[in-house]
1. Conditions first: (1) in contact (Cβ under 8 Å) with a residue 24 or more places away in the chain; (2) under 21 Å from Leu109 (Cα atoms); (3) loosely packed, with under 15 Cβ neighbours inside 10 Å. Leu18 passes all but one, so which condition is the exception?
2. Tell me which residues, restricted to segment 33-71, are without any contact (Cβ under 8 Å) to a residue 12 or more places away in the chain and hydrophobic (A, V, I, L, M, F, W, C).
3. Quick check on my filter: what residues within segment 35-67 are part of a loop (DSSP other than H, G, I, E, B), within 16 Å of the ligand (Cβ to nearest atom), under 20 Å from Asp10 (Cα atoms) and not hydrophobic (A, V, I, L, M, F, W, C)?
4. On the basis of being surrounded by 13 or more Cβ atoms within 10 Å (Cβ to Cβ), more than 12 Å from the chain's Cα centre (by Cα), modelled with pLDDT under 95 and not small (Gly, Ala, Ser), does Glu112 make the cut?
5. Please go through segment 68-100 and give me each residue that is in a strand (DSSP E or B), within 15 Å of Gly17 (Cα to Cα) and not basic (Lys, Arg), ordered by number.
6. Do we have His74 as within 14 Å of the ligand (Cβ to nearest atom) and touching a residue at least 24 places away in the same chain (Cβ under 8 Å) here?
Amino acid sequence: MSRLICAATDLLDGGDGLRFQVDTAGGAQAAFVLRWHGGVYAYLNQCAHVAIELDWNPGKFLDVDGEYVMCAAHGALYEPDSGRCVGGPCVGQALRRLMVSERNGNIYLEAEA
Ligand code: FES
């Protein structure tokens, strides 16, 4: 069952991500959603290197060029559209993706982790 995360206008392309919580088998976990190159992508807010949150300030997920999701701890770089790590200590691993959709002016979580 889908769940409303936010209004579509809350996400600027290449702008801040929006943090939210998801229910997982292990309990509630931090997640985030962002808009990048026109698409909307969501992941658990947990680095593949060490299981800590990625953003250096709440909602600040992208690097200075806006090209990668960057972990604030050791600089792992993730492709925003795939979650795949392409730089840093966990190259080849990936963020855990959450399925989201954009419809009727809103962003919905379609599946919990
Ligand atoms: S914890 Fe993210 S790069 Fe080390």
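1. In the conditions (1) in contact (Cβ under 8 Å) with a residue 24 or more places away in the chain; (2) under 21 Å from Leu109 (Cα atoms); (3) loosely packed, with under 15 Cβ neighbours inside 10 Å, Leu18 misses (3) alone.
2. Ala51, Val64
3. Scanning segment 35-67 gives Asn45, Asp55, Asn57, Lys60, Asp63.
4. Criteria met by Glu112.
5. Val69, Met70, Tyr78, Leu98, Val100
6. Judged against the criteria, His74 is a match.
The values are calculated or read from the model by the stated rules, or taken from the named source; none is laboratory data. What you see is a predicted model; the values in this text were computed from it and never measured. Every residue, glycine among them, receives a Cβ derived from its backbone with ideal geometry; neighbour counts consider all protein chains shown.
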